[in-house]
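No lab work stands behind these numbers, since they all come straight from the coordinates. If you're wondering where the values come from, they're calculated on a predicted model, not measured in any experiment.
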Amino acid sequence: MEWIRRILRRRQGEEFAEAALVLPILILTILSMILLILYFYSCLNTQTALHNNLMRETAESSAIFHICTESDSVSSQMEGITDILMEKRITGRMYALNFAEIVRAGELIEVDW
């Protein structure tokens, strides 16, 4: 019975040594994944805000044809396993075609539908 206790004690020491090596890497990996998810959320949030701004600008435009462009950038410092600066430039373009003004213009504008 004593030899079983010695084997179990030795294995517990091996498990603690293995956990001491693996757990920091696992924790850094999980934190890096969380930071990556936050970066992609920030990109999506910026893209949504840019789209809403373009929609508002085209709705308020009184021109017959208008091209609206807007751009923004997102950057985030990724720390954890790696030390990377992630950057993304988001650009948007929207074409505003005011059909009410086209109807009012009448035959001044030739449109081939």
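Taking each residue as 0.36 nm, the span from Gln77 to Glu14 lengthens on full extension beyond its C-alpha to C-alpha distance by 19.1 nm. Give the share of C-alpha pairs in each 5 angstrom bin for segment 7-98, from 0 to the last occupied bin, in whole percents, shortest bins first. It works out to 3, 12, 14, 11, 10, 9, 8, 7, 6, 5, 4, 3, 3, 2, 2, 1, 0, in whole percents.
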